[in-house]
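The structure appears below as structure tokens.
Values in this text are rule-based calculations from the coordinates and carry no lab data. Because the structure is predicted, anything quoted here is derived from the model rather than measured. Ideal geometry is used to build each Cβ from the backbone, glycine not excepted, and the neighbour counts take in all protein chains shown.
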Amino acid sequence: MSSFGHGLREELRGTGVSVTLLHPGTTATEFHHHAGMDATRFGDNRWKNDPVLVARHGVEAMLNGVSSVDQWG
């Protein structure tokens, strides 16, 4: 997917449309709970990225024209 996103960004250069790739890693959501995976390692949200922080970094990167985001903190 990363190659597709970078390719799309290049294809859209100069059109006024920007593309920012967001690579959040494992993020604390209710996905695993709804999938019935609470008893697995991935069911524990304590060690995962904070979704608010992920969203904040993604939006800030997009507004600043950053092509790819994969670091938090």
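Taking the chain as the reference, fit the longest principal axis to its C-alpha atoms, fit the long axis of helix 2-11 to the helix C-alpha atoms, and give the angle between the two in degrees, 0 to 90, nearest 10.
20 degrees
If you stretched the chain out fully between Val66 and Thr15, how much longer would it get, using 0.36 nm times the residue separation minus the C-alpha to C-alpha distance?
Working: separation 51, 0.36 × 51 = 18.36 nm, distance 1.61 nm.
Fully extending the segment from Val66 to Thr15 adds 16.7 nm.
Return the calculated 222 nm mean residue ellipticity for the chain, to the nearest 500 deg cm²/dmol, obtained by summing -39500 (n - 2.57) across DSSP H runs with n ≥ 4 and dividing by the residue count. Write down the numbers at each step before the final one.
On the way: 3 runs with 27 residues, N = 73.
Helices in the chain give a 222 nm mean residue ellipticity of -10500 deg cm²/dmol.
About its Cα centre, what dipole magnitude does the chain give when the only charges are +1 on Lys and Arg Cβ and -1 on Asp and Glu Cβ, stated in debye to the nearest 20? Walk me through the numbers on the way to the answer.
On the way: 6 positive and 8 negative charges, 16 e Å.
Taking the Cα centre of the chain as origin, the dipole is about 80 debye.
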